[in-house]
1. By how many nm would the segment from Ser155 to Glu107 grow when fully extended, if each residue of separation counts as 0.36 nm and the alpha-carbon distance is taken off?
2. Suppose we look only past 20 Å in the calculated P(r) of the stretch 95-164. What percent of the Cα-Cα pairs does that tail hold?
3. At what distance in nm do the modelled label points of Ser130 and Ala339 sit from each other, each positioned 7 Å from its Cα along Cα→Cβ?
4. Between Asp327 and Gln206, what is 0.36 nm times their sequence separation minus the Cα-Cα distance? Round to one decimal in nm.
5. What per residue convex hull volume, in Å³, comes out for the chain when only alpha-carbon positions are used?
6. Gain in length, Thr313 to Thr18, computed as 0.36 nm per residue apart minus the alpha-carbon separation, to one decimal in nm?
7. Above 14 Å lies some portion of the pair distances; for the stretch 199-272, what is it as a whole percent of all C-alpha pairs?
8. If you take the Cα atoms of the stretch 213-338, find Rg, then find the Kirkwood Rh from the mean of 1/r over all pairs, what is Rg/Rh?
Amino acid sequence: MPPPTAEEIPNTDIITLTRHILSDQLRLGAAATGDLTLLLNAIQTTSKFIATNVRKARLINLIGLAGETNVQGEEQKKLDVLSNDIMVNALRASRKTAVLVSEELDEAVLIEERLRGRYCVVFDPLDGSSNIDAGVNIGTIFGIYKVASEKGDVSDVLRPGKEMVAAGYTMYGSSCNLVLSTGNGVNGYTLDTALGEFILTHPDIQIPTRGKIYSFNEGNSSYFHPEVVNYLNSIKYPPAGKSPYSARYIGSMVADVHRTLLYGGIFGYPDDRKSKNGKLRLLYEAFPMAFLTEQAGGVATTGRGRILDIVPTSIHERCSVFLGSKDDVNDLLKFYEKA
Ligand code: AHM
Ligand code: MG
């Protein structure tokens, strides 16, 4: 029998998320306390727990409304509430957090002294509400700050996104993917459900410099400002010899951004004449995704400035978002400059 080829030999050296973040910590040597590693570990556990519930939702009566409304006046789904509880419980029990901000909670959670740690986590426990009951891709988005104040209060999260020390998301789709940056590039992991581990499958994600896809809710285009309409027209009706862009819009930011990071192109949810401040939330949607985009070599802007430079004034504020391939976003910015 001929010896097995390289492709036939099973890979026995898989890199798990735990191993990867641990090796990052070891690289920092004595400077690292291990607190961020433990916090990221708690977050990956919540992702597995939420993923399990998302997969079973239809079977265990987790579909539909919870009968409550969140601070934004939106009706909460049962899975929204459950995912929020999973995250708050796990993050508090990790003993590594001081302040938590969730899309589903009106106020920031200030962790009691005996459990308090040195990090603040802002998160959308289950993003893409309109897709939950259809079983379409949804996700969890998170950003992490290190406490700046002695006490650990809301001022610790009213800071620009560029001060985050880590950000990421987990996408619950045809596969469960966790994408993470600790400020040193972006890595993607895929959950091996048999092993129960996230495995490094997308090392050092680099967003292509230019893409061929635009991802906007064009149903809102009658409200869009002229610079956005003109930009979209420029990619839909290009000069002779150039191909128009393709449209892809899932309506779950995690899924639309995930595709944008991998394939390139531009994702946009602009402010417009109806939604004066846009729809997406600055702290736990725009900041983490802008952080990942920049770390992957892309650009994230409101159209008028860098998203990560914004200083938030309240925890649930919204902002205009465009992010993606450098060349595509810069093309859009030219329309803003002209306006
Ligand atoms: P949610 O936090 O209530 O789920 O809303 C956020 C979602 C994003 O995932 C997505 O990009 C956007 O809202 C879609 O909005 P629309 O349905 O208006 O296109
Ligand atoms: Mg959301």
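1. Between Ser155 and Glu107, full extension yields an extra 16.0 nm.
2. Result for the distance tail: 35 percent.
3. 2.1
4. 42.2 nm
5. 167
6. So the chain would gain 102.7 nm between Thr313 and Thr18.
7. Tail of P(r) above 14 Å: 64 percent of Cα pairs.
8. 0.94
Since every read-out is calculated from the coordinates, none of them should be taken as a lab result. What you are looking at is a predicted structure, and each value in this text was computed from that prediction instead of being measured. Here Cβ is always computed from backbone atoms with ideal geometry, including for glycine, and neighbour counts include all displayed protein chains.
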